[in-house]
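Single-structure report; data block below.
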Amino acid sequence: MDEKLFEERMRNLKQSYEQVPSVSSVDKIVNKVKTSEKPFKKRMRLQLPYVASFIGVLLIGGILGAQLLKQPDNTGSEHPPDEQINQQPVTTSDIEAATNEIRATTKEK
């Protein structure tokens, strides 16, 4: 701190100390402090992060909700129902070939 600045602040402090009335009444002191303080103003800057985060949550929720509504119902199979209907049925020759193949692999083991 600069020496000049320090001296100036000390003078201001001394002057304010000398100007303080020697009043011992609590009500008068409280009223004096209330009148000397600046009135408190609500600031919009404090509410801005809350509003922005709320809007962000709504936006993300809307996007996820739209994706869930557009998604087809999960039926437990990889193919849509249209492809399952168009597939060819399994014939008895296919079943016999599969069973013979399984028997051959079990005999090898």
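The values are calculated or read from the model by the stated rules, or taken from the named source; none is laboratory data. The shown structure was predicted, so the numbers you read here are calculated from the model rather than taken from an experiment. Remember, those area values only see protein heavy atoms, side chains included, never the ligands or the DNA or RNA. Shrake-Rupley method; radii C 1.70, N 1.55, O 1.52, S 1.80 Å.
Some observations on this one:
- Test: residue in segment 81-97 that is open to solvent by 100 Å² or more (accessible area, probe 1.4 Å), acidic (D, E), in a helix (DSSP H, G or I) and at pLDDT below 80: yes
- On the stretch given as segment 16-26, residues that are within 52 Å of the chain's Cα centre (by Cα) and either acidic (D, E) or assigned to a helix (DSSP H, G or I) (or both) total 3.
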